[in-house]
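The values are calculated or read from the model by the stated rules, or taken from the named source; none is laboratory data. Please read all numbers here as calculations on a predicted model, not as lab measurements. In this analysis, Cβ positions are derived from the backbone assuming ideal geometry, glycine residues included, and neighbour counts consider all displayed protein chains. Note: accessible area is taken over every heavy atom of the protein model, side chains too, but ligands, DNA and RNA are not part of it. Shrake-Rupley method; radii C 1.70, N 1.55, O 1.52, S 1.80 Å.
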Amino acid sequence: MDASLEKIADPTLAEMGKNLKEAMRMLEESPRRTEEENGKKPASEDIPGPLQGSGQDMVSILQLVQNLMHGDEDEEPQSTRIQNIGEQGHMALLGHSLGAYISTLDKEKLRKLTTRILSDTTLWLRRIFRYENGCAYFHEEEREGLAKICRLAIHSRYEDFVVDGFNVLYNKKPVIYLSAAARPGLGQYLCNQLGLPFPCLCRVPCNTMFGSQHQMDVAFLEKLIKDDVERGRLPLLLVANAGTAAVGHTDKIGRLKELCEQYSIWLHVEGVNLATLALGYVSSSVLAATKCDSMTLTPGLWLGLPAVPAVTLYKHDDPALTLVAGLTSNKPADKLRALPLWLSLQYLGLDGIVERIKHACQLSQRLQESLKKVDHIKILVEDELSSPVVVFRFFQELPASDSAFKAVPVSSIAPAAVGRERHSCDALNRWLGEQLKQLVPQCGLTVIDLEVDGTCVRFSPLMTAEVLGTRGEDVDQLITCIHSKLPVLTYTLQLREEFKQEVEGTAGLLYVDDPNWPGIGVVRYEHANDDDTSLKSDPEGEKIHTGLLKKLNELESDLTFKIGPEYKSMKSCIYIGMASDDVDVSELVETIAVTAREIEENSRLLENMTEVVRKGIQEAQVQLQKANEERLLEEGVLRQIPVVGSVLNWFSPVQASQKGRSFNLTAGSLESTEYTYVHKVQGTGVTPPPTPLGTRSKQRLPGQKPFKRSLRGSDAVSETSSVSHIEDLEKVEQLSSGLEHDNLEAHSPEQPPRAADLTARQTEALQNKAQHQEDDHSQVEELERLR
């Protein structure tokens, strides 16, 4: 590129291209330099300061911009970092710098240059997207073009609007029709820009009985138009979708065009599917958009071009009205908005533009065909293979044995049950979307919430493929990740109801219904002082749940546990995560109950320890004082005198028994030390109560993690034991028969062998074998308990 810049005759343009290249190199290499500096950035760079009087050079200013752009990347997730852009992005950025330079030319040169740029860009876009005999309006805000079109429609339908203003609108109110599937906030934006009240908007519902749930109901729209005409209103404009903002559905634009021509309504079309007009094969529903009155295109998003304006193509013959509506302008600065797109389109060429759009459509079709073969995955847009948007979600069919849902109509099912099932699936789909976004970031997935279908995952490569560099291998990796996550979703959804029943049947545990939690469930331990009516935070309960979380994490199971406030209150709860394998829910719930109860008892013991020790000390002091008084009465007063007592003790020694006291913390009482002095061994005192164990605690196999069901392993062990036991019986029988044969040969007919002796040998052998097995089983249990 340096050699190409040297061929430019204008030194300003050459210097501009060189500076832009150097600036982009510095900004794109800044993340590597930031990692090398290891956070050595001064803390004062983010603080605004006074303007320096001497000024700074370009390198210092770019260094400041670099630090402001990438200074906080260590605190931000990877997905929010700025993506590197290619040469086509540099061309778009060069257009903004070049526009500032062109604006300094004399008026005549500036007029010729801006007219050429505007004419070329309009002609190229019209031919690429098959929109004949139209004009173009370039705008930064994507919705601005529609607002200008609404102004043009108002001026066209209300001839006296320029003179009488809003008095004309008051006598005959305009009506703007929007689909229920339109992007959020579009109607409010139009009313704010046009100064119209909200009753001028008419929301057209989508199909409810026949057709797609995301397509505009044409029959209902016609009924609304007739009602407005009868009320003296003026149907002004209809906004149709060629690819809705959420799922990429295309309205029946052909029928909508016929309806608009019948009632003289302006038809405006927008959506991502308009990009497919550049391809060789276009579906009939999208191709009908070329006959509409206006359409909005976003080539910058489709082609991965930064800072490129959106374009609104429209058809109108009156230049005066377009000038009044703001669609045309005589200002050179307004015409220069097309300069970045003019440069980028020339750099890519027609083949490059078509190839990028075709690549995005192929990625979406590849994902859609692969998802059709995956169980428990529902695709929302199955009938539109040409749509570059794929929206899918995980679903679980009701079990066939569930007659409650089969025999009763859907309308009579309890709304609470339907709502709980809907929230559960939404939480699981939200978890699935977040997991896929982390595992395959190159696909640019987004998690969306739809009014009818709930939470879904959207793949729109037309908007992200060029920026993220999405390839076919990334789509295959996405399918692999979906396959790996499906068992987790299935196990979790199946174990939820079992977990709820186990918790509700366990004393001391309360099941918390949190619709936003994607895991197995949420449980709260109710301690002795727990107030069910209060919604405030509970310090004692928070302490117990914190200790419970620590104990559960120490078990090193495959489940994840976290602590957090309850869904409807501030009380602490234990949140149990997704299940990657079959989980023994009964063992899990009982472990939680037993552990929480043990933590509560230990905490109570520590809280009462101070009081118990204080009372024990007071009792010990009383008993010591009483013992001193008894010794005084037993030995007499004279023996307490220092000199006299020594003489008396020498002549007449006193054989006093040593009495002491020890404080048993476990029992909370004083005990005599007589046993210690007699037997010379420290007494154990009262044995502490054993730690409560679950009645369902089972013996785990070597390497088996907690809360795992091992039905197959248990069957194998029992089967092995049975086989070994049968083999032992066969050996004993063989031994018995052999001994019987020997005895028959050794004894004479007059002395037959004693059957009682043989039976005793068999019985003794079996008893010894059973005793060995019991000893081995006891040793295994002892090792498990010690571990």
Report the one residue of H527, I563, G508 whose Cα lies farthest in the direction of the positive end of the charge dipole of the range 506-601 (charges on C-beta: Lys and Arg +1, Asp and Glu -1; origin at the Cα centre).
I563
In this structure, the FRET efficiency calculated for E451 and K223 from their beta-carbon separation, with R0 = 22 Å, to the nearest 0.05, is 0.50
Take L201, L432 and sort them by solvent-accessible surface of the protein heavy atoms, 1.4 Å probe, largest at the top.
L201, L432
About its Cα centre, how strong a charge dipole does the range 506-601 have in debye, to the nearest 20, once Lys and Arg get +1 and Asp and Glu get -1 at the Cβ?
400 debye
Accessible surface, the range 135-328, averaged per residue in Å² (probe 1.4 Å)
42 Å²
Quick one: order F161, F392 from most to least accessible surface, probe 1.4 Å.
F161, F392
Tell me, what is the per residue accessible area of the range 506-601 in Å², probe radius 1.4 Å?
45 Å²
In the full protein assembly as shown, how much of R597 is accessible to a 1.4 Å probe, in Å² to the nearest 10?
80 Å²
Test of the criteria: in the range 217-300, which trypsin sites (Lys or Arg not before Pro) are in a DSSP loop and have at most 13 other Cβ atoms within 10 angstrom of their Cβ?
R231
Under a 1.4 Å probe, counting only protein heavy atoms, V475 has an accessible area in Å², nearest 10, of 0 Å²
Provide F220, F198 ordered by accessible surface of protein heavy atoms (probe 1.4 Å), highest first.
F198, F220
With the full set of protein chains in place, find how many percent of the accessible area of the range 506-601 is carbon and sulfur; take the probe as 1.4 Å.
49 percent
Please report the accessible area of H96 (heavy atoms, 1.4 Å probe, ligands and nucleic acids excluded) in Å², nearest 10.
90 Å²
Would you mind classifying the range 135-328 by shape? Square roots of the alpha carbon gyration tensor eigenvalues, ordered a ≥ b ≥ c; an a/c under 1.5 is rounded, otherwise it is prolate if a/b is larger than b/c and oblate if not.
oblate
Please count, across the range 506-601, the pairs of lysine residues with Cα atoms under 17 Å apart that sit 8 or more places apart or on different chains.
8
For the range 135-328, the percent of accessible surface on carbon and sulfur atoms (probe 1.4 angstrom, ligands and nucleic acids excluded) is 52 percent
Structure shown: which of K378/K500; K257/K331; K252/K315; K315/K358; K372/K437 lie over 23 Å apart, alpha-carbon to alpha-carbon?
K378/K500; K257/K331; K315/K358
